[in-house]
Each structure stands twice: as structure tokens, then as C-alpha cells.
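Rule-based calculations on the coordinates, nothing more; no lab input. Remember, predicted model here, so these are calculated numbers, not experimental data. Because the Cβ atoms are built from the backbone with ideal geometry, glycine has one as well, and the counts that use them run over all protein chains shown.
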Amino acid sequence: MVKMKTIKTKYATESFVWGLINKLEENIDNKFDKADAKAEKRHSEVMNHLDGLAKGFKKFDEEQVILSAHSKDHTDRIEKLENTVYATS
């Protein structure tokens, strides 16, 4: 909050009004700077979390590919064994 100077007359001078406006602008700029810094920090935190999630999904996808290949290999082996066993009976 801007502190108002006590003036001797009832009327504000032009320089007083401009000084008050300048102080208000400085206060507003400071508040925006603080808000920008907080937003930048929060953005950085969110991006770090998203990066971790993306790495986790990539690892999960790689595991799924490997498990799918193992499953296909097992299915092929079972079919081959079934054909061998049931073909001889």
C-alpha cells in the first residue's frame, strides 16, 4: 500500500499525483515480477514431474514390447509341441 503524504493544502499538485502514480506502477510491477517468478518455479516443477512420467511410460512400453515377444515365442513353442504330440496319436 502506498503511504499518502500529508499535504498542507486541500488540493493535490500535479507532481504529487504523478509521484503517486509512479509509486503505484512500481508496486504493480513488483507484484507481477513476484507472480512471474512463482509461475516460472511452478512450471519448472510441473515439467520435471511430466519428464519423470514420460520416462516411466517409455520404460513401461519397452517392457510391453519385450513381454509381447516372449508371449509370441511361448505361443509358437506350445503350438509346435501340440502339433508334435497330437500328430503322433
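Brief remarks on what is shown
- Pairs of lysines in the chain (C-alpha under 30 Å apart; 8 or more residues apart or interchain): 22
- Considering helices alone, the calculated mean residue ellipticity of the chain at 222 nm is -32000 deg cm²/dmol, with DSSP H runs of length four and up weighted by -39500 (n - 2.57) and normalised per residue.
- Neighbour count of at most 14 Cβ within 10 Å plus DSSP loop: longest trypsin sites (Lys or Arg not before Pro)-free window in the chain: 11-89
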